[in-house]
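Asks: I'd like to ask some things about the structure below.
What follows is calculated from the coordinates using simple rules that are stated; it is not laboratory data. Only a predicted model underlies this, so the values are computations on that prediction, with no experimental measurement involved. FYI the Cβ positions are ideal-geometry reconstructions off the backbone, even for glycines, and counts take in every protein chain you see.
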C-alpha cells in the first residue's frame with residue numbers, strides 16, 4: 001500500500017505554495033491529502049478535506065465560522081475538527097505522516113493538530129515565524145515535531161521558498177518511506193524515568209541496573225515539558241512501569257513556578273495501573289521566575305545552579321501542601337506504588353554545607369505524606385543522599401519487586 005502524507009495548510013492564502021508542496025511529494029512517489037484550515041474566503045476549496053468538513057467535525061458549520069467575529073472561538077473549533085479528522089485518518093491507516101506550512105496562526109493551528117497524533121508519527125512544520133521568541137515552544141509543546149524555519153515568508157513561489165519546500169518534502173518523505181525503528185519497545189519492557197541534573201547520577205545508575213535486567217529505560221527531563229510529555233506517552237501505552245525520581249512539577253504547578261508540569265502530573269501511571277516508584281528530587285525546592293519574586297523570596301535559603309537559575313527552599317507550610325497533593329494523586333492509583341525517600345538529602349543540591357540542606361525540615365513532607373497515603377502504599381526511607389549508590393539500588397529493587 002502506498003504511503004500517504006497529510007498536508008495541512010490554508011488554501012485561501014497559501015494555495016500556490018501548498019500545491020507546489022503536494023506536487024513535489026507526489027514526484028517522490030508518495031500520495032497526499034490536503035486539509036484546508038481556511039476560515040475566510042468564499043471560493044470552493046479544492047482540498048480533499050475541505051474547511052466545511054473540518055467545521056462539521058468540530059461541531060459547527062463553515063457559515064457560522066465565516067460569519068463569526070470571535071477569532072479565538074472559531075480557531076478552537078477548527079483545531080478541534082482538524083484534530084479529530086487527523087486522528088481518524090491515522091487510526092484507519094490513511095495517513096503515515098504530516099506536513100504543514102504557514103505563518104503564526106497557521107503554524108499554531110497545524111502543530112496543535114499534529115500533537116493530537118502519537119509519538120513516532122512523522123510531523124514537519126514549515127514556518128516563517130519559527131524563530132520568534134516564545135512561539136517555537138508553543139508550536140512544539142510536548143510533540144515530536146520537526147520545526148523547519150523557512151526564514152522567508154511563505155508568500156509567492158520564489159526559488160528561495162521552493163528550496164525550503166523541497167528540503168522539507170524530502171525530509172518528510174524520507175521519514176515515511178525509509179525503515180525507522182518502531183517507538184514501541186520490541187525487546188523487554190519499557191520503563192519511563194524522570195531525570196534532572198541534581199539527581200542525574202541516581203538516574204543513570206537506575207537506568208544501567210534496569211537495562212542489565214533487559215528493560216528499556218527512557219528518560220524524560222523533569223523541567224516542565226519533558227515530564228508533561230511522559231504523562232501523555234504513558235496514557236498512549238508506551239510504558240510498562242515508571243520511576244519518577246523528580247516529580248517536582250507537581251508543586252511547581254500548584255504555585256505556578258517555572259517547572260510547572262500541568263494539572264495531571266503524576267497521574268497517568270496510576271490511571272493505567274502501572275507499577276511506579278516515586279521519589280523526591282527537587283520537591284523541596286521551587287523555581288519561580290526572578291521577574292515574579294514575592295518579597296519574601298529574597299529572604300529564602302537558596303542554591304544557585306548557575307547565573308540564570310536559582311533553587312529556593314520551600315517553607316514547611318508549602319511542603320505540607322505539596323505532600324497533600326502527592327497523597328491525593330497516588331491514592332487514586334490502580335496499580336502498585338512505592339515511595340522511596342532519601343534521609344540525607346533529596347538531590348546533589350541537598351548536601352551538608354549547602355544553604356538549603358535541611359533533612360529535618362524535609363520530614364515535614366514525609367510525615368504528612370505518610371499520614372495521608374493509603375495503607376497499601378509503602379514509604380521506604382533510605383539512610384543516604386539521593387545521589388549515593390545505596391539509594392539508587394533501593395529504587396531499582398523497589399521497581400523490580402513490583403514488575
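Asks: Under the 0.36 nm per residue contour assumption, what length would be gained going from the current alpha-carbon distance of residue 328 and residue 43 to full extension?
Replies: This chain segment gains 97.2 nm when fully extended.
Asks: Separate question: On a 0 to 90 degree scale, rounded to 10, what angle separates helix 316-331 from the longest Cα axis of the chain?
Replies: The answer is roughly 70 degrees.
Asks: Between residue 178 and residue 309, what is 0.36 nm times their sequence separation minus the Cα-Cα distance? Round to one decimal in nm.
Replies: Gain on stretching residue 178 to residue 309: 43.0 nm.
Asks: For a Förster distance of 41 Å, can you work out the FRET efficiency between the beta-carbons of residue 358 and residue 132, rounded to the nearest 0.05?
Replies: That gives a FRET efficiency of 0.45.
Asks: Additional query: Please report, in whole Å, how far the alpha carbons of the chain spread along each principal axis, starting with the longest.
Replies: 70, 51, 39
Asks: Separation between the residue 204 and residue 159 pseudo-spin-labels, each 7 Å from Cα along Cα→Cβ, expressed in nm?
Replies: About 5.0 nm, to one decimal.
Asks: Same structure, new question: State, to one decimal in nm, how far the label point of residue 374 lies from the label point of residue 92, with both points 7 Å from Cα in the Cβ direction.
Replies: So the two model labels end up 4.1 nm from each other.
Asks: Cut-off is 10 Å between beta-carbons; in what order do 379, 145 appear when sorted fewest neighbours first?
Replies: The fewest-first ordering by Cβ neighbours comes to 379, 145.
Asks: Moving on. I'd like the orientation of helix 104-114 relative to the chain: the angle between its Cα long axis and the longest Cα principal axis, in ° from 0 to 90, rounded to 10.
Replies: 70
Asks: Continuing with this model, one more query. Hey, what D do you get for segment 186-313 in µm²/s if you plug the Kirkwood alpha-carbon radius into Stokes-Einstein at 10 °C and 1.306 mPa s?
Replies: 104
Asks: How high is the relative contact order of the chain? Use alpha-carbon pairs under 8 Å, at least six apart in sequence, and give a whole percent.
Replies: It comes to 11 percent, rounded to a whole number.
Asks: While we're on this one: Can you give the Rg and Dmax of segment 32-119 based on its C-alpha atoms, in angstrom?
Replies: Every Cα atom of segment 32-119 included, Rg and Dmax give 12.3, 37 Å.
Asks: How would you rank 281, 146, going from fewest to most other Cβ atoms within 10 Å of each one's own Cβ?
Replies: 146, 281
Asks: How large is the Rg to Rh ratio of segment 1-58 when both quantities use alpha carbon positions and Rh follows Kirkwood?
Replies: Radius of gyration relative to Kirkwood radius: 1.00.
Asks: Continuing with the same structure: Normalised by the residues of segment 268-375, what does the relative contact order come to in percent, with Cα pairs under 8 Å and at least six apart?
Replies: 38
Asks: Compute the FRET efficiency between residue 189 and residue 152 as 1/(1 + (r/R0)^6), taking r as their Cβ-Cβ distance and R0 = 56 Å, and round to the nearest 0.05.
Replies: The value I calculate is 0.75.
Asks: How big is the gap, in Å, between the Cα center of segment 262-317 and the Cα center of segment 352-396?
Replies: Result: 15 Å between the Cα centres.
Asks: Now a separate question. So, how do all the Cα-to-Cα distances of segment 190-402 break down into 10 Å bins, in percent, from 0 on up?
Replies: Distribution as computed: 9, 38, 39, 13, 1, 0 percent.
Asks: For segment 4-177, taking Cα atoms only, what is the radius of gyration to one decimal and the Dmax to the nearest whole Å?
Replies: 14.7, 42
Asks: Fewest to most neighbouring Cβ within 10 Å: what's the order for 61, 50?
Replies: Starting with the residue having the fewest Cβ neighbours, the order is 61, 50.
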